[in-house]
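Below is one structure, written out as structure tokens; comments come after it.
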Amino acid sequence: MTVDALSRDALPAGVTIRCDLRPGDIGYLIYLHGILYAQEYGWDATFDAYVAGPLAEFAESRTDRGRIWIVEKDGTVAGSIAIVEVSQKQAQLRWFLLHPDLRGHGLGKLLIEKALSFCRQCGYSSVSLWTVSALKAAAHLYTSAGFRVTEEKIHSLWGVTLTEQLYELKLG
């Protein structure tokens, strides 16, 4: 399936994207982040806590200026992306993840497009996100969408030494 086909909302078989939070979604997203990043990058359980706190806050205080997209494959949570309000003019992109089985089909690009479109609808003038340099495929998606690295910090996080990066995008 090509990205062009996906942009017309044709998703791979069994894949759906929804914006409502259902019971178990938050726990499953924390689990998915924790288990995948442990397997792929050797991160420890402190990453679970890093995801859990802000994600729980988001779920408890949702507004119309924030949104989460939940990707399901055959009824099982398999990814997400979210926009969180930082200020009246600034948004933050968070919790962008796809199960490895769904990568390489254009879904990541589609999710970023949906998130940025939402930001424009809300009147945000900029979007930022924090990530780490090891996530090369995500970095490619971010730069393809117009994000630029504006800050880097090297430090120990989640049981390993990482280069944390701040990406920013000005919306027109």
### Message
hydroxyl-bearing (Ser, Thr, Tyr) and part of a helix (DSSP H, G or I): which single residue out of Tyr142, Tyr124, Tyr167 fits that description?
### Response
Tyr142
### Message
Looking at the range 105-133, I want the residues that are polar (S, T, N, Q) and have a partner that is in a strand (DSSP E or B) with Cβ atoms under 6 Å, at least 6 apart or on another chain. Which pairs are those?
### Response
Ser126/Gln90; Ser126/Lys170; Ser128/Gln92; Ser128/Glu168; Thr131/Gln165; Ser133/Thr163; Ser133/Gln165
### Message
Condition (residue is in a helix (DSSP H, G or I), under 20 Å from Glu151 (Cβ atoms), touching a strand residue (DSSP E or B) at 6+ places or on another chain (Cβ under 9 Å) and open to solvent by 20 Å² or more (accessible area, probe 1.4 Å)) applied to the range 51-60: is it met by at least one residue?
### Response
yes
### Residues within the range 74-96 that are touching a Ser or Thr at 6+ places or on another chain (Cβ under 8 Å) and either in a strand (DSSP E or B) or among the polar types (S, T, N, Q) (or both), tallied
7
### Subset tally (residues that are more than 24 Å from Ser117 (Cα to Cα) and in a helix (DSSP H, G or I)) for the range 22-50
19
### Message
Restricting to the range 61-84, name every residue that is small (Gly, Ala, Ser), open to solvent by less than 70 Å² (accessible area, probe 1.4 Å) and out of contact with any strand residue (DSSP E or B) (no Cβ under 6 Å at 6 or more places or on another chain).
### Response
Gly75
### Message
One residue is enough: does the range 18-33 have a residue meeting the conditions in contact with a helix residue (DSSP H, G or I) (Cβ under 6 Å, 6 or more places away or on another chain) and open to solvent by 60 Å² or more (accessible area, probe 1.4 Å)?
### Response
no
### Summary
Checked the range 104-128 for anything open to solvent by 30 Å² or more (accessible area, probe 1.4 Å) and closer than 20 Å to Glu72 by Cβ; matches are Gly104, His105, Lys109, Glu113, Lys114
## Note on the structure
If we ask which residues in the range 129-172 are polar (S, T, N, Q) and either touching a Leu at 6+ places or on another chain (Cβ under 6 Å) or open to solvent by 40 Å² or more (accessible area, probe 1.4 Å) (or both), their number turns out to be 5
### Query
Tally time: how many residues in the range 85-103 are open to solvent by 20 Å² or more (accessible area, probe 1.4 Å), more than 11 Å from the chain's Cα centre (by Cα) and not small (Gly, Ala, Ser)?
9
### Query
Can you pull out the residues in the range 47-86 that are within 15 Å of Arg18 (Cβ to Cβ) and of a type in the set (S, T, N, Q)?
Thr76, Ser80
### Single unsatisfied condition, Val86 versus (1) within 20 Å of Leu166 (Cα to Cα); (2) touching an Asp or Glu at 6+ places or on another chain (Cβ under 6 Å)
(2)
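The values are calculated or read from the model by the stated rules, or taken from the named source; none is laboratory data. Since we're looking at a predicted model, the values are computed, not measured. Positions of Cβ are generated from backbone atoms using ideal geometry, with glycine treated the same way; all protein chains shown enter the neighbour counts. Keep in mind that these areas ignore ligands, DNA and RNA; they rest on the heavy atoms of the full protein, side chains included. Shrake-Rupley method; radii C 1.70, N 1.55, O 1.52, S 1.80 Å.
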